[in-house]
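The values are calculated or read from the model by the stated rules, or taken from the named source; none is laboratory data. Only a predicted model underlies this, so the values are computations on that prediction, with no experimental measurement involved. Heads up, the Cβs are rebuilt from the backbone with ideal geometry, glycines too, and the neighbour counts pull from every protein chain shown. When the accessible area is computed, the model is the full protein with side chains, heavy atoms only, and any ligands, DNA or RNA have been set aside. Shrake-Rupley method; radii C 1.70, N 1.55, O 1.52, S 1.80 Å.
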Amino acid sequence: MLTKPIYAVLLGVLLVSCSQSKHPALAPEYLYNAGDQKVISSLINNKHHTISIIYGNGPALRSAQDTVRTHTAGEQYVMVTWRQRPMPHWYGTNMNGKILAVETVTVAQDPAGKIGYSYLLKNTGGNNTIEPDVSREQRIQLITGQPAAVLPEN
Amino acid sequence: MKKSKMNPLKMIFAFLAIAIVIVIPLQFSSPVIENPPVKSEIELPGDIQAILQRACYDCHSNHSQTAWFDRIAPASYLVAHDIKEGRTRFNFSDWKANPPAVQELLLWEMVNAIEEHKMPLKSYVMVHPAAGISAAELTALKSYVNSLPGRHKIDTARIIRSAGAPGAASKTAGTNAPVSLNGIKYSGDYQNWKIISVTDKYDGGSMRVVYGNDIMVKAIKQRQLPFPDGAKIVKAVWGKQHEDKVGNISPGNFQNVQIMIKDSKKYKSTEGWGFAKFEGLRLKPSGKTALFATTCINCHRLLVPESDFVFNIPTK
């Protein structure tokens, strides 16, 4: 009489343990949709424990690929900064975790022909401001000044 | 009463007789575990050497010291298999067969295999308890790998921006795109794909951007694991330049591009993933034979079987 419930419990445990996935939970929220923009470069910052990608539209990428950096109206840059986290199952690599901030720089020209930059910071990491010790101008300079990371010719 | 007591005894005798009939002849065909001559022994600090000698040397060196029970068939078959397999993965007694960068990567892989409780093998530690590695020993191994040259490697060379060096034939994708030894053709399409992760591989001084094709990105968004056929991952790898005043590190020279393509039928022997690696801006296919992919899957199979054998995916 007693054995039947025991078998039932054992079977239940077996079924539960078989159906439980060993797979880790994927985190699509760590992805950033850059639309049609291309990667210009990436940055690691171990002082702030962040890792970033600078994306750009066509004119921005062309400017970043040119060794003589000149900026023209229409360039748009987006720098996405993630919190660094240790890569699961591999001690020796850090990777991106949560998105902390998205900074957008747009290059425009005023009627007098002077090049100007607009800067927008969208903080998605709560109170984690990125690099509070750095001014807006320095951020613009960093974002628009990165040379394109070299890739094989397409 | 007497009769009923005899029966179990008879059964034991019968069992022993069968065991003797099977086990004794097995001994004649039992594999002999030999130690080939040492070619180039690994040189490590004394304390590190002691840990690895105790925990790894029986299977990963030409100094295998088997216990008496390891030499009795059928156990000896398993032991011989483990030693053969262990020596092909890496052999501390033929250490210089590996280029310096591979030597470092292997040491990091050992640390990870230990940390993930994949090595030493559980079955081995069960019968050789002295081979277990303590938390303090793992910490010592970690600080050792962190002292290796690759850990702080900085790319100070002038950045080469084009494969078109003087005298070199320039590559045109599509017409003469390089092909890996297992038949995977390089394509620059990934430069239009979405990014699935960005990494600082500080164990070897490189930084990476990992691209995923639409099938891969869709699978991540739908939290679909294992990944479907047609999923492709491409990892672009650069050296790391000096840290600037505010702590930013930018990519240095382009090093290589690494590809994983999911096709569960075509790449069945490597868990459904086709691996390829192309070196430098001229995209020289990596490896000497098509078996190079075995080296890739061995590590992926050991450490990330739950993630469909992929490291660089966003997970919680």
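Figures for the structure shown
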| item | result |
| --- | --- |
| Net +/- balance of residues flanking B:ARG87 in space, Cβ distance below 12 Å, scoring K and R +1, D and E -1 | -2 |
| Peptide-level mean, for B:199-205, of C-beta atoms on other protein chains within 10 Å | 6 |
| Overall dimensions of the stretch B:188-307 as given by Cα atoms, namely Rg and Dmax in Å | 15.3, 51 |
| Within a Gaussian network of chain B (alpha carbon springs, distance under 10 Å), most fluctuating of B:ALA130, B:ALA17, B:ALA236 | B:ALA17 |
| B:SER40/B:ALA135 FRET efficiency (R0 35 Å; Cβ-Cβ; nearest 0.05) | 0.65 |
| All-pairs Cα distance distribution in the stretch B:80-146, expressed in whole percent, bin size 5 Å | 4, 14, 23, 25, 22, 10, 2 |
| Inter-chain shielding of B:190-196 (mean C-beta neighbours from other protein chains, 10 Å cut-off) | 4 |
| Crossing angle, helix B:75-89 versus chain B [Cα axis fit, 0-90 degrees, rounded to tens] | 20 degrees |
| Candidates B:ASN248, B:ASN146, B:ASN98, ranked by Gaussian network fluctuation over chain B, Cα under 10 Å, top entry | B:ASN248 |
| Selected from B:VAL145, B:VAL23, B:VAL210 as most flexible by GNM, with chain B as the system and alpha-carbon contacts under 10 Å | B:VAL23 |
| Chains B and A together, accessible area buried on both sides, 1.4 angstrom probe, square angstrom | 5400 Å² |
| Point-to-point label distance, A:VAL134-A:ASN33, nm (Cα→Cβ direction, 7 Å offset) | 2.8 nm |
| Signed unit charges on C-beta, dipole axis of the stretch B:269-316, positive-most listed residue B:PHE278, B:THR294, B:VAL304 | B:PHE278 |
| Length gained when the stretch B:LYS266-B:LYS10 is fully extended (0.36 nm per residue, less Cα-Cα span) | 86.7 nm |
| Chain B: calculated mean residue ellipticity at 222 nm from DSSP helix runs of at least 4, using -39500 (n - 2.57) | -10500 deg cm²/dmol |
| Peptide-level mean, for A:63-75, of C-beta atoms on other protein chains within 10 Å | 0 |
| Pair B:PHE28, B:SER143: separation of 7 Å Cα→Cβ label points (nm) | 5.7 nm |
| Label-point gap, in nm, between B:ASN176 and B:ALA17 - each point 7 angstrom along Cα→Cβ | 7.7 nm |
| Histogram of C-alpha separations across the stretch B:25-149, 10 Å bin width, % | 12, 44, 33, 10, 2, 0 |
| Using alpha carbons only: equivalent-ellipsoid semi-axes of chain B, gyration tensor based, whole Å | 46, 25, 20 |
| Filtered trypsin sites (Lys or Arg not before Pro), the stretch A:60-154: DSSP coil and at most 10 other beta carbons within 10 Å | A:LYS114 |
| Isotropically averaged projected area of the stretch A:27-145, using the convex hull of Cα atoms (one quarter of hull area), nm² | 8.7 nm² |
| Per-selection Rg to Rh, the protein assembly as shown - Cα, Kirkwood hydrodynamic radius | 1.07 |
| Pairwise FRET efficiency - B:VAL246 versus B:THR156, Cβ, R0 = 22 Å, nearest 0.05 | 0.70 |
| Degrees, to the nearest 10: B:46-55 long Cα axis against longest axis of chain B | 60 degrees |
